[in-house]
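First comes the structure, then the notes that go with it.
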Amino acid sequence: MAFQFGAASAIGRSHLDQGKACEDAYHIVEEDGGIVACVCDGAGSAARSAEGAASLALNVSMALRAEIGRLHQASAFLALQDAIEDTRLQLQRKGPLFDFHSTLCGIALSKDQCLVFHLGDGVVMGVNPDDWSDFVVSEPENGEFAETTYFFTLPEWRNSLRVFCAPRKYRTWFLMSDGTASFAAKTLPWRPTPNFLVPVHNYLANLQDIEARNQAILSTLQSPQADRITADDKTLVWVNAQYQN
């Protein structure tokens, strides 16, 4: 069992113009026989959302790392919930929770099991690399208005947390903040973009060095084409499981 992965976050044009830092965060951790990856998108309206996003991505990744051998058991779901609640408690000691608004999306993947978790917007997409028409998507969840979403810092966050188990055949995964999703996936219905995700996957899969993969993703997110489509921060995580029969 082996994993290839790569990731990058690119600051959006709107934040560059305002002299603000990137408010997206991601964290990837490998465990013997498994991997956990998270993408968190801090709300632009929240004063310390970058800190909230970074704390959440780290804490959730480390909590699920300890559950890698039992991802389809109740203990993994409880560990996920506990990690979110612990992050809320940690941040409450630093200031009002609404200062740390962030979404969450991610996967925990082992040889035989895959747990997908999602709160708010962003997109999680798993693909059968042998047949790109065979895929599973966790779509963004917006509120009453298209520009609103849900955050782990809200009182009723548990009602918005979506968790499901995905079949083993989905070996290639893309996690993206909503800035990246605006050009990296097709909507209505949500599905892979043959002219973007397929060549991205093929290129990354042929790179042996993780730093080269990270740089390739960053260059893509910083491209003039991406910048023309969205002024938002952009994060993309790619995970490719290589099963050995």
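One line per residue, one yes/no per condition, for (1) among the hydroxyl-bearing types (Ser, Thr, Tyr); (2) farther than 27 Å from Arg213 by Cβ:
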position	(1), (2)
His15	no, no
Ile28	no, no
Gly42	no, no
Ser45	yes, yes
Met62	no, no
Ile68	no, no
Ser75	yes, yes
Ile84	no, yes
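Residue-by-condition table, conditions (1) open to solvent by less than 20 Å² (accessible area, probe 1.4 Å); (2) outside any loop (DSSP other than H, G, I, E, B); (3) closer than 19 Å to Phe174 by Cβ:
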residue: Ala83; (1), (2), (3): yes, yes, no
residue: Gln90; (1), (2), (3): no, yes, no
residue: Lys94; (1), (2), (3): no, no, no
residue: Cys105; (1), (2), (3): yes, yes, yes
residue: Ala108; (1), (2), (3): yes, yes, yes
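Scan segment 9-43 for residues that are of a type outside the set (Lys, Arg) and open to solvent by 50 Å² or more (accessible area, probe 1.4 Å) and jot them down.
Passing the criteria: Ile11, Leu16, Asp17, Gln18, Gly19, Ala21, Tyr26, His27, Glu30, Glu31, Asp32.
I want to confirm something. Restricting to segment 192-211 and keeping residues that are assigned to a helix (DSSP H, G or I) and without any contact (Cβ under 8 Å) to a residue 40 or more places away in the chain, which single residue is most open to solvent (accessible area, probe 1.4 Å)? Reasoning before the result, please.
Quick first cut of segment 192-211, residues assigned to a helix (DSSP H, G or I) only: 197-205, 210-211.
Cutting the leftovers down to without any contact (Cβ under 8 Å) to a residue 40 or more places away in the chain gives us 199-200, 202-203, 211.
Working: Pro199: 62, Val200: 24, Asn202: 77, Tyr203: 136, Glu211: 116 Å².
The residue in question is Tyr203.
Would you pick out the residues in segment 222-239 that are touching a Leu at 6+ places or on another chain (Cβ under 6 Å) and either among the hydroxyl-bearing types (Ser, Thr, Tyr) or part of a helix (DSSP H, G or I) (or both)?
none
Sort out which residues of segment 174-189 are farther than 18 Å from Ile11 by Cβ and either small (Gly, Ala, Ser) or surrounded by fewer than 24 Cβ atoms within 10 Å (Cβ to Cβ) (or both), and write them in order of number.
Ala185, Lys186, Thr187, Leu188, Pro189
Take the conditions open to solvent by 10 Å² or more (accessible area, probe 1.4 Å), closer than 12 Å to Gly6 by Cβ and in a loop (DSSP other than H, G, I, E, B) and apply them to Gln215. Does it pass?
no
I'd like to check something: does segment 146-157 contain any residue that is surrounded by fewer than 22 Cβ atoms within 10 Å (Cβ to Cβ), in contact with a helix residue (DSSP H, G or I) (Cβ under 8 Å, 6 or more places away or on another chain) and among the hydrophobic types (A, V, I, L, M, F, W, C)?
yes
In segment 218-229, how many residues are open to solvent by less than 50 Å² (accessible area, probe 1.4 Å) and among the small types (Gly, Ala, Ser)?
2
For segment 62-73, give me each residue that is surrounded by fewer than 21 Cβ atoms within 10 Å (Cβ to Cβ) and either among the aliphatic types (A, V, I, L, M) or under 15 Å from the mean Cα position of the chain (by Cα) (or both).
Met62, Ala66
The values are calculated or read from the model by the stated rules, or taken from the named source; none is laboratory data. None of the values given here were measured: they were computed from a predicted structure. Quick reminder, even Gly has a Cβ in these numbers, built from the backbone with ideal geometry, and neighbours come from all protein chains shown. For accessibility, only protein heavy atoms count, side chains too; no ligands or nucleic acids. Shrake-Rupley method; radii C 1.70, N 1.55, O 1.52, S 1.80 Å.
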